[in-house]
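Working notes, structure below.
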Amino acid sequence: LPPVANLAKVWIATPPKQAKSNRSATTCDQAQFNGNSVSGVQTRFYVVPEAKQLPPTFGISETVAQFKSEKSAKAYQRRLEKRLKSCEDRVLTAHVRDPSRLRAPGVNASAWSLSLEARHNKAVEYRLALVRNGSRLAEILFTPVGRFDVTKGAFNALALRAGQRLAELG
């Protein structure tokens, strides 16, 4: 995982757990990996537990789903991308920016930066990626906090690596 600011601590991944809901979904995409064409939904978190200066909201969540076919995974990915594109029209407290199309052999991904106003003049920042490899689709949500952030390029590279790892799932 990418280094964060000048933090000299190690990221730790939780074991993947079967998920009934998508812990990586935002108000913008509202992605729910359920229905007849979806199986094997798992979520895991990446955190830096030894970094006491980080608030508990800092970290990465990843939810992965297996679709019955590549066609159905691709269609759902497009639907989520459309929701993100129209989010500012539907959610007046949202600001969606920095869209990126990412590609690597077998991997099709998109990434964005999101701001969602939680309270008066207080926004929560996110980096979000939708990553597909064949019939597997992952949603990755990173919650930076202040100076504890990664660059857009580092997050995009993380999304592409996640897409490559999707091919390795059994």
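Quick look at the values:
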{"item": "Subset of segment 138-155 [over 17 Å from residue 107 (Cβ atoms) and either touching a helix residue (DSSP H, G or I) at 6+ places or on another chain (Cβ under 7 Å) or assigned to a loop (DSSP other than H, G, I, E, B) (or both)]", "result": "142, 144, 146, 147, 149, 150, 151"}
{"item": "Qualifying positions in segment 117-170 - out of contact with any Phe, Trp or Tyr (no Cβ under 8 Å at 6 or more places or on another chain), closer than 17 Å to residue 47 by Cα and of a type in the set (Lys, Arg)", "result": "147"}
{"item": "Residue list for segment 14-32, filter: free of Cβ contacts under 8 Å to residues at least 40 places away in the same chain, in a loop (DSSP other than H, G, I, E, B) and not basic (Lys, Arg)", "result": "14, 15, 21, 32"}
{"item": "Of all residues in segment 34-51 being of a type outside the set (Ser, Thr, Tyr) and farther than 22 Å from residue 144 by Cα, the one that is surrounded by the most Cβ atoms within 10 Å (Cβ to Cβ)", "result": "41"}
{"item": "Unmet requirement for residue 63, which otherwise passes all of (1) open to solvent by less than 20 Å² (accessible area, probe 1.4 Å); (2) over 16 Å from residue 141 (Cα atoms); (3) among the β-branched types (Val, Ile, Thr)", "result": "(2)"}
{"item": "Criterion violated by residue 2 - all others in (1) under 17 Å from the mean Cα position of the chain (by Cα); (2) at pLDDT below 85; (3) open to solvent by 30 Å² or more (accessible area, probe 1.4 Å) satisfied", "result": "(3)"}
{"item": "Boolean, residue 101 is part of a strand (DSSP E or B), closer than 13 Å to residue 131 by Cα, without any contact (Cβ under 8 Å) to a residue 24 or more places away in the chain and not acidic (Asp, Glu)", "result": "yes"}
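This table checks each residue for (1) more than 13 Å from the chain's Cα centre (by Cα); (2) of a type in the set (D, E, K, R); (3) surrounded by fewer than 18 Cβ atoms within 10 Å (Cβ to Cβ).
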position	(1), (2), (3)
84	no, no, no
87	yes, no, no
95	yes, no, yes
123	yes, no, yes
136	yes, yes, no
140	no, no, no
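The values are calculated or read from the model by the stated rules, or taken from the named source; none is laboratory data. In this text the structure is predicted, and so the values were computed from the model without any measurement. Here Cβ is always computed from backbone atoms with ideal geometry, including for glycine, and neighbour counts include all displayed protein chains. The area values use the complete protein model at the heavy-atom level, side chains included, leaving out ligands, DNA and RNA. Shrake-Rupley method; radii C 1.70, N 1.55, O 1.52, S 1.80 Å.
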